[in-house]
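Below: the structure, in structure tokens.
Where a number appears in this text, it was derived from the coordinates with a stated rule and is not lab data. A quick note: this is a predicted structure, and the numbers were derived from the prediction, not measured. A quick note on method: Cβ atoms are made from the backbone with ideal geometry, for glycine too, and the neighbour counts reach across all protein chains shown.
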Amino acid sequence: MELTVRYPQIDYEKCFPNWAPNLEFAMFMNAFSITPVFLEPYIIKVFADARKLLDPVRDEQLTKEVDWFVAQESQHYRQHAKFNRIFQTPRFPKVEELGKGFGADLDGFRKNRSLLFNLSYTEGFEAAGGVFYRIWFEKLGKYRFGAREEALLIYDWHFAEEFEHREVAYKLYMALAVRGNIFRKIWYAYFYRIYGVLAMLGHSGKYSDAVRQHLLETYRAEMSPEEVEASKKREKAFGKFLFRSTIVRLLGVLSPWYNPARKPPPEGLEAVLTSFDRGGQYSSTAA
Ligand SMILES: [Fe+2]
Ligand SMILES: [Fe+2]
């Protein structure tokens, strides 16, 4: 595995909040973009706490991968913070407040919950993220068609790197949670891991959905009744499409045999990564 960190060059200033022909899809992705800005700095702190508990000899390779994961995530949340400026404006007053609430909850998790809870929450994000990025690359063609390139690029780059480091949170969680007796193995390798996935989905989903609704409400306040109806119809259709595409793949994450190492790369992954590699078309670093 090559441990690469990429530095994209994308001008989001040209990209306005409604960047896709399908408004409801764009607002769904905008709302999702709130999460990395709070979640990824939180994950970096959780990983720093966990890293101290690794064995310098036995976990030498994992430690290197943890550092690489952290380096990639550090770029992810910075780019999302830049991207979010397109809708983190007075026009959408609740976005900032909701984001801060999410961040405060995560701080609370670190202060008041166990490291294993925080690691299982993190692994939940990485695993559920893995379900979504496959859909992003392989199923969302009709929604992506005609959308602004700047917005597509941030997700292409972010999700491609999420695939690259898909195993790290799982390995770190397993290394610290599962070593020990058989009961610990069964409890933490399966039940507690699933709890982490569900806790993450419920918690972060609540915030990103509130942001999405706020963005849509703002747009709908400026629409005619007919346009509002059409928007609601599109929202319903997108929701159905997403549910259908997600549910079976999510069951894979909940399986006792789940192992992110076995995931095949999403279609087109190599081309995306290459375009952000040093000297690539969208890289800020020369070859
Ligand atoms: Fe990320
Ligand atoms: Fe990640």
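Worth a mention:
- In summary, helices (runs of 4 or more DSSP H) completely within region 156-240 and bearing 2 or more residues that are within 16 Å of ligand 1 (Cβ to nearest atom) and aliphatic (A, V, I, L, M) occur at 168-177.
- Selection count, region 36-67, where residues are of a type outside the set (Lys, Arg) and under 13 Å from Leu172 (Cα atoms): 18
- Top-ranked residue in region 54-89 [being part of a helix (DSSP H, G or I) and of a type in the set (S, T, N, Q); ranked as nearest to ligand 1 (Cβ to nearest atom)]: Gln72
- Single residue of Leu242, Leu215, Leu201 found to be surrounded by 14 or more Cβ atoms within 10 Å (Cβ to Cβ) and closer than 18 Å to Glu123 by Cβ: Leu201
- Tally of residues being within 16 Å of ligand 2 (Cβ to nearest atom) and under 25 Å from Val5 (Cα atoms) across region 82-112: 0
- Test: residue in region 260-267 that is out of contact with any Phe, Trp or Tyr (no Cβ under 9 Å at 6 or more places or on another chain), under 30 Å from Tyr173 (Cβ atoms) and outside any helix (DSSP H, G or I): yes
- Region 268-279, subset in contact with a Phe, Trp or Tyr (Cβ under 8 Å, 6 or more places away or on another chain) and more than 26 Å from Leu172 (Cα to Cα), residue surrounded by the most Cβ atoms within 10 Å (Cβ to Cβ): Phe276
- Note on region 95-143: among residues that are part of a helix (DSSP H, G or I) and among the hydroxyl-bearing types (Ser, Thr, Tyr), the one that is surrounded by the fewest Cβ atoms within 10 Å (Cβ to Cβ) is Tyr143.
- Ala71 meets the conditions (1) within 24 Å of Leu152 (Cβ to Cβ); (2) buried (at least 18 other Cβ atoms within 10 Å of the Cβ) in every case but one. The failed one is (2).
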